[in-house]
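Undergrad: Take this structure first; my questions come after.
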Amino acid sequence: MEVHVSSIKRQRTIRMTFTYLLLVAMVVVIIYPLLWAVGASFNPGNSLVSTSLIPANPTTVHYEKLFAGEGSLLYGQWYVNSLKISFFTMLLTLISVSFTAYAFSRFRFTGRKNGLMLFLLLQMIPQFSALIAIFVLAQMLGMINSHWLLILIYVGGQIPMNTYLLKGYFDSIPLDLDESAKLDGASNTRIFWQILMPLSRPMLAVVAMNGFTGPLGDFALSSVLLRNPEYYTLPIGLYKLVTDKMGASYTTFAAGAILISIPIALVFLLLQKHFVSGLTAGGTKG
């Protein structure tokens with residue numbers, strides 16, 4: 001009996017050791033490039049060849065250069081453009097996805113199955129495959145350099161996948177809640193706003209996070225529509241920074257890339273409590 005117990009403990013120890021080693025390896029893979037980017041942003045000079053993980057003579061000159069507004073480096077304007085596009089993409093995505101997911105989850109109508117199948121197919125088609133069509137459409141509408149057209153394109157791309165996510169979450173909420181509310185005289189609109197939406201805050205937080213971070217990491221779509229430097233987003237502006245043959249600065253690029261993570265981290269901190277506690281809080285209120 002003791003041999004059997006010791007064998008189980010040994011196997012458990014081996015599994016735990018392997019698990020922790022795997023977690024440590026994943027942390028190293030994720031953290032190491034980030035540390036290099038941070039180190040490069042404080043290294044003097046413009047090249048990555050002479051940079052080190054821990055700078056011998058750290059400097060903040062690259063961060064100062066970003067906001068100095070010299071030449072075509074309009075980092076502050078690009079930052080504002082990116083935040084504007086990300087915020088409105090997140091907001092419009094939440095509104096549109098909430099309505100579409102509620103309709104597919106709670107109503108039965110002609111074309112429902114075909115609509116869900118269409119959303120599934122749209123998820124399989126990369127959004128950048130329509131770059132030429134989007135560019136032609138923007139030219140026909142006279143909306144080259146239009147942030148609002150870019151926002152609408154981002155929102156359209158977010159709807160299929162996030163609708164499936166939120167619909168699945170709505171499906172997990174018992175229909176008994178809807179029926180009880182209807183017996184008390186509640187309309188579908190009231191059920192949607194006062195029952196389903198509070199209970200769905202964890203998934204709404206995921207949808208909001210997807211809507212906010214998507215535009216901050218996109219280069220393909222934004223580079224097709226935004227042609228003038230004052231309309232650039234951060235991915236386009238930073239890309240132009242390192243492709244300039246006469247003045248490419250990889251260390252300044254590293255500083256700009258590090259600053260992109262600040263709004264993402266803030267949004268995550270604001271939403272993280274809803275990931276876990278949103279369902280419990282929504283179910284116990286009232």
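The values are calculated or read from the model by the stated rules, or taken from the named source; none is laboratory data. Because the structure is predicted, anything quoted here is derived from the model rather than measured. For neighbour counting, all protein chains shown are included, and Cβ atoms are generated from backbone atoms with ideal geometry for every residue, glycine included. These accessible areas exclude ligands, DNA and RNA; they are computed on the full protein's heavy atoms, side chains included. Shrake-Rupley method; radii C 1.70, N 1.55, O 1.52, S 1.80 Å.
Undergrad: Please report, as a whole percent, how much of the solvent-accessible surface of the chain comes from carbon and sulfur atoms (probe radius 1.4 Å).
TA: Details: 11710 of 16880 Å².
On the chain, the fraction of accessible area on carbon and sulfur atoms equals 69 percent.
Undergrad: Under a GNM of the chain (C-alpha, springs under 10 Å), which listed residue has the highest mean-square fluctuation: Leu92, Leu183, Leu137?
TA: Taking springs between Cα atoms under 10 Å, the residue moving most is Leu183.
Undergrad: Can you work out ³J(HN,Hα) from phi for every residue in the range 231-242, in order, using Karplus 6.51 cos²θ - 1.76 cosθ + 1.60 and θ = phi - 60°, giving whole Hz and x for Gly and Pro?
TA: Result, ordered by residue: 9, 4, 9, 4, x, 5, x, 5, 5, 4, 5, 9 Hz.
Undergrad: Going by a ≥ b ≥ c, the root eigenvalues of the Cα gyration tensor, does the range 77-132 fall in the rounded group (a/c under 1.5), the prolate group (a/b larger than b/c) or the oblate group? Show your work: numbers first, answer last.
TA: Details: a/c = 4.77, a/b = 1.62, b/c = 2.94.
Oblate, since a/c reaches 1.5 and b/c is not below a/b.
Undergrad: What is the Cα convex hull volume of the range 93-235 when expressed per residue in Å³?
TA: Working: hull volume 18.6 nm³, N = 143.
Roughly 130 Å³ of hull volume per residue.
Undergrad: Once a ≥ b ≥ c are taken as the square roots of the eigenvalues of the Cα gyration tensor of the range 1-158, is the result rounded (a/c under 1.5), prolate (a/b larger than b/c) or oblate (a/b not larger than b/c)?
TA: Because a/c hits 1.5 or more and a/b fails to exceed b/c, the range 1-158 counts as oblate.
Undergrad: Turning to a different aspect of this structure: Quick one, which of (i) 77, 70, 36; (ii) 53, 46, 37; (iii) 71, 44, 37 is the actual Cα extents along the principal axes in Å calculated for this model?
TA: (i)
Undergrad: Excluding same-chain pairs closer than 8 in sequence, count the lysine pairs in the chain whose Cα atoms lie under 22 Å apart. Walk me through the intermediate numbers first.
TA: Working: Lys65/Lys240; Lys65/Lys245; Lys84/Lys240; Lys113/Lys167; Lys167/Lys182; Lys167/Lys273; Lys182/Lys285; Lys273/Lys285.
Here the count comes out as 8.
Undergrad: Show me the trypsin sites (Lys or Arg not before Pro) within the range 100-207 that DSSP assigns to loop and that have at most 16 other Cβ atoms within 10 Å of their Cβ. List each step's numbers first, then the result.
TA: Values: sites: Arg106, Arg108, Arg112, Lys113, Lys167, Lys182, Arg190; in loops: Arg108.
Here the sparse-neighbourhood loop sites are Arg108.
Undergrad: Show the residues, 5+ positions off or on another chain, whose built amide H is closer than 5 Å to the amide H of Leu226.
TA: Asn145
Undergrad: Tell me, what is the per residue accessible area of the chain in Å², probe radius 1.4 Å?
TA: Values: 16880 Å² over 286 residues.
Roughly 59 Å² per residue, with all protein chains present.
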